[in-house]
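Working notes for the structure below.
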Amino acid sequence: MIMMHNNGIRKMAIAATLIMAVIFTGCVNNTDQAEEESAEMKVTSENLHDGVWDEIITNTSAGENRSPELTWSAVDGAEEYAVYMIDPDGHNWLHWRVTGFTGTHLDEGETPANSEYVGPYPPSGTHRYIVTVYALKAAPDTVPGNFDSSNSGTDKIEEALDTSGGSKGNIITTGVLEGTYTAR
């Protein structure tokens, strides 16, 4: 009888330990997930409809070469933001660069200090234009990317933005918005 009692206690102790492990693991995962969600950045534009950029932002005879309106969610710990528009179908052509920006909204056609813009002008066919907003802890050591020119890739741009004061880890998070434009 004593043996059964001890076995029962032992089984209850094991069950309780397993339950606590599951609860603890669930709490850890929920905490990690909440931290990831808080670091997400949502980016929207009034100039993007059904995945296609408005004609007005293009550098074509039908467009006005106006930078698109952009809005993004604020990120805790971000001292500034950088905005890049790259055409990956045109050898990573850099169409837009804004650096040192402290707000979370750019009006259509706005040209803040430290910005350069030339709208989409694909030579033929449909090209993708990807806008990436980088939330940065501090100003990067260098302003990367060859404007209105091809770039070897976005890796070097992100590596440079991620470096401040000689240390890596400057990018808190990014938000991405992708649209297309077809040559007419």
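The values are calculated or read from the model by the stated rules, or taken from the named source; none is laboratory data. Keep in mind that what you see is a predicted model, and the values were worked out from it rather than measured. When we count neighbours, we look across all protein chains shown, and the Cβ atoms used for this are built from the backbone with ideal geometry, even at glycine.
When region 108-121 is filtered for residues that are in a loop (DSSP other than H, G, I, E, B) and more than 17 Å from G63 (Cβ to Cβ), the ones remaining, listed by number, are P112, A113, N114. Scanning region 47-76 for residues that are under 17 Å from H105 (Cβ atoms) and either among the aliphatic types (A, V, I, L, M) or not assigned by TED's automatic domain parsing to the domain that holds V98 (or both) yields a count of 5.
Would you check which residues across region 91-137 are within 18 Å of A78 (Cβ to Cβ) and among the basic types (K, R) and list them? If the condition is that a residue be within 18 Å of A78 (Cβ to Cβ) and among the basic types (K, R), then R97, K137 are the ones that fit. Restricting attention to region 165-184, the residues being surrounded by fewer than 20 Cβ atoms within 10 Å (Cβ to Cβ), small (G, A, S) and assigned to a strand (DSSP E or B) number 1. Restricting the first member to region 101-124 and to residues that are in contact (Cβ under 8 Å) with a residue 60 or more places away in the chain and farther than 24 Å from A139 by Cα, and the second to residues that are part of a strand (DSSP E or B) and not β-branched (V, I, T), the beta-carbon pairs closer than 6 Å and six or more apart or on different chains are P120/Y129; P120/Y181. Figure legend. Inter-residue proximity from region 169-182: first residues more than 12 Å from A82 (Cα to Cα), second residues modelled with pLDDT under 95 and hydroxyl-bearing (S, T, Y), beta-carbon distance below 6 Å, spacing 6+ or different chains. No pairs are indicated. Answer yes or no: is there a residue in region 55-63 that is within 16 Å of S124 (Cα to Cα), aliphatic (A, V, I, L, M) and surrounded by fewer than 20 Cβ atoms within 10 Å (Cβ to Cβ). Scanning region 55-63 turns up at least one residue that is within 16 Å of S124 (Cα to Cα), aliphatic (A, V, I, L, M) and surrounded by fewer than 20 Cβ atoms within 10 Å (Cβ to Cβ).
Is at least one residue of region 123-131 of a type in the set (A, V, I, L, M), farther than 14 Å from R66 by Cα and surrounded by 14 or more Cβ atoms within 10 Å (Cβ to Cβ)? The answer is yes; a qualifying residue exists. The residues in region 87-105 that are within 16 Å of T180 (Cβ to Cβ) and of a type in the set (F, W, Y) can be counted, and the count is 2. Given the criteria crowded, with 16+ Cβ neighbours inside 10 Å, touching a strand residue (DSSP E or B) at 6+ places or on another chain (Cβ under 6 Å), touching a residue at least 60 places away in the same chain (Cβ under 8 Å) and part of a loop (DSSP other than H, G, I, E, B), does G145 qualify? For G145, the condition - crowded, with 16+ Cβ neighbours inside 10 Å, touching a strand residue (DSSP E or B) at 6+ places or on another chain (Cβ under 6 Å), touching a residue at least 60 places away in the same chain (Cβ under 8 Å) and part of a loop (DSSP other than H, G, I, E, B) - is met.
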